[in-house]
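Enquirer: This is the structure I want to talk about, given as structure tokens.
The values are calculated or read from the model by the stated rules, or taken from the named source; none is laboratory data. Treat the numbers as computed from the prediction; the structure is a model and nothing was measured. Here Cβ is always computed from backbone atoms with ideal geometry, including for glycine, and neighbour counts include all displayed protein chains.
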């Protein structure tokens, strides 16, 4: 399947893509509102609640904006490489978990967003200086080195 056909099929099958899809697919976070779809040997994540997705989109935008300095990004609106998006999503949600629910084994996106709104009244009021520490400290998997030298 070529990329154009894949993206067309993806748009038809997954009409409400999960905002934190990268973090979910890496198994760094969980979410009770996400569901997976297989398309041409790939998996895509969808949200089952349009209102929750909108709130997650707001959180994602705030994480990206507030993480710009820590990631040395001058333009927070430009398209970011996959590794930086992983750092923002996984690190940001880990940072939010550390602030709201440090005993949880893994960040639960929907639960954290609800808890943030209950405790702070608004996502804008979150302590981003503490949350962004999670972004700065998050490290992805290290690439494995080929065996046998060069």
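Enquirer: Does residue 106 satisfy the criteria of being modelled with pLDDT of 90 or more and surrounded by fewer than 16 Cβ atoms within 10 Å (Cβ to Cβ)?
Expert: Taking the combined requirement at face value, the residue satisfies it.
Enquirer: Restricting attention to region 128-141, does a residue exist that is in a loop (DSSP other than H, G, I, E, B), at pLDDT below 95 and either out of contact with any helix residue (DSSP H, G or I) (no Cβ under 9 Å at 6 or more places or on another chain) or surrounded by 15 or more Cβ atoms within 10 Å (Cβ to Cβ) (or both)?
Expert: Yes, that holds for at least one residue.
Enquirer: Checking the conditions here, which among 37, 27 is under 11 Å from the mean Cα position of the chain (by Cα), modelled with pLDDT under 95 and not in a helix (DSSP H, G or I)?
Expert: Answer to the selection: 27.
Enquirer: Could you check region 95-116 and list, in sequence order, the residues that are within 20 Å of residue 54 (Cα to Cα), in contact (Cβ under 8 Å) with a residue 40 or more places away in the chain and touching a helix residue (DSSP H, G or I) at 6+ places or on another chain (Cβ under 7 Å)?
Expert: Residues satisfying the conditions are 107, 109, 110, 113, 116.
Enquirer: Now for a different question. Looking at region 36-60 only, could you name the residues that are over 17 Å from residue 16 (Cβ atoms) and either surrounded by 13 or more Cβ atoms within 10 Å (Cβ to Cβ) or out of contact with any helix residue (DSSP H, G or I) (no Cβ under 9 Å at 6 or more places or on another chain) (or both)?
Expert: Passing the criteria: only 41.
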